1. In whole angstrom, how long is each semi-axis of the equivalent ellipsoid of the range 51-197, when you take the square root of 5 times every eigenvalue of its Cα gyration tensor and sort them from largest down?
2. Using alpha-carbon positions, what is the distance between the centroids of the range 21-50 and the range 78-134, in Å?
3. Starting from the residue with the highest accessible area, list SER234, SER306 in decreasing order, probe 1.4 Å.
4. Could you identify which residue out of SER76, SER53, SER305 has the top mean-square fluctuation in a GNM of the chain using Cα springs shorter than 10 Å?
5. Let me have the relative contact order for the chain, percent, based on Cα pairs under 8 Å that are six or more residues apart.
6. Counting only protein heavy atoms and a 1.4 Å probe, tell me what percentage of the chain's accessible area is made up of carbon and sulfur.
7. Please compute the volume of the convex hull spanned by the alpha-carbon atoms of the chain and report it per residue in Å³.
8. For LYS190, which aspartates and glutamates qualify as cross-link partners when the Cα separation must be under 18 Å and same-chain residues fewer than eight apart are set aside?
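The values are calculated or read from the model by the stated rules, or taken from the named source; none is laboratory data. Computed from a predicted model, the values in this text were never measured in an experiment. Note that each Cβ is placed from the backbone with ideal geometry, even for glycine, and that neighbours are counted across all protein chains shown. Areas reflect the complete protein model, heavy atoms only, side chains present, ligands, DNA and RNA absent. Shrake-Rupley method; radii C 1.70, N 1.55, O 1.52, S 1.80 Å.
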Amino acid sequence: MSPNTAPLPLSPSPDRPAGRNPGMALDLDWVEAVRVNRSAVERRCATLPTRRSVKKDWQAAWLLRAITCMDLTTLSGDDTPGRVRRLCAKARQPVRPEILEPLGFADRRLTVGAVCVYHEMVETACAALKGSGIPVAAVSTGFPAGLSPFDLKLREIEASVAAGAEEIDIVITRGHVLTGDWQALYAEVKAFRAAAGPAHVKAILGTGDLSTLRNVAKASLVAMMAGADFIKTSTGKEPVNATLPVALVMARAIRDYGERTGWKVGFKPAGGISTAKEALSYLFLMREELGPDWLRPELFRFGASSLLTDIERQLEHRVTGRYSAGYRHPMS
């Protein structure tokens with residue numbers, strides 16, 4: 001990929017992929033055969049930001065693409081309906097018109113990929129986003145630790161879907177991974193997928209808690225076998241969240257699954273991605289490892305709360321030649 005190659009143009013795309021991942025029978029031979037060369041993964045990721053860079057209008061195009069792939073998120077204990085409504089307004093118009101016009105996007109529809117909230121705020125978000133085509137994602141299953149009773153997890157999913165959530169971010173039980181109980185992990189994710197019904201399921205692996213990259217790869221495969229539509233790195237609440245090495249391992253698991261089954265599974269890095277430069281590295285990684293289809297919100301999302309602010313600042317710098325203060329780009 002040439003460093004100045006723009007991503008796919010911001011043209012209309014389907015609200016949803018043509019088909020969902022149906023899953024498959026648990027293949028333990030495949031899972032146990034997984035190997036990860038940590039040194040090679042780390043070398044590959046260390047060179048990515050230095051080998052790939054974009055400038056000027058090319059950079060603006062990539063950053064606008066990043067905005068369309070954001071799950072704009074608020075998951076705070078002090079969330080209120082007013083804050084969620086303001087966040088939804090930001091989701092509808094993530095960049096001010098006076099920035100978009102000089103970039104040639106004044107007449108183009110630009111929105112984020114989804115708004116992600118706790119169950120309590122699903123109805124508020126759905127009402128605020130009505131008619132926009134922006135889906136609401138709800139974190140579920142005892143987020144962030146995932147240690148609630150199993151029956152409560154299922155009811156939580158069902159309640160969020162009934163309230164209007166089109167996407168459910170479920171939390172796996174990390175203990176299943178750490179003890180190698182792949183059958184239990186498979187059964188858990190499969191049950192969550194069934195409870196979600198028509199809603200798309202994003203399986204949060206909590207990669208910072210999984211100890212090894214091999215565990216990350218195995219958990220990724222099992223979640224996809226169980227029918228996860230996306231695999232997601234983190235809740236954003238762990239000490240270590242999304243990293244490029246983890247993203248590379250998960251992307252290659254997605255590629256392997258696709259080659260064997262023919263189904264495309266999405267990827268969502270979440271937690272700790274707060275700068276435009278970091279976002280570009282993830283987009284470049286997706287483009288190189290999985291191809292241009294993973295530069296659309298149907299198959300790629302950022303779990304983002306503060307990332308949009310930095311991207312807006314970079315876009316304004318492109319237009320004016322000056323960096324603005326963060327408070328000029330409020331999130332909610």
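1. Numbers: eigenvalues 227, 82, 29 Å².
Equivalent ellipsoid of the range 51-197: 34, 20, 12 Å, largest first.
2. Answer, in whole Å: 34.
3. Working: SER234 0, SER306 55 Å².
Output order, biggest surface exposure first: SER306, SER234.
4. Looking only at SER76, SER53, SER305, the largest GNM fluctuation is found for SER76.
5. 21 percent
6. On the way: 7130 of 13720 Å².
Carbon and sulfur together cover 52 percent of it.
7. Details: hull volume 41.8 nm³, N = 332.
So the per-residue hull volume is 126 Å³.
8. Within the straight-line limit of under 18 Å, LYS190 reaches these aspartates and glutamates: ASP27, ASP151, GLU156, GLU158, GLU166, GLU167, ASP169, ASP181, ASP229.
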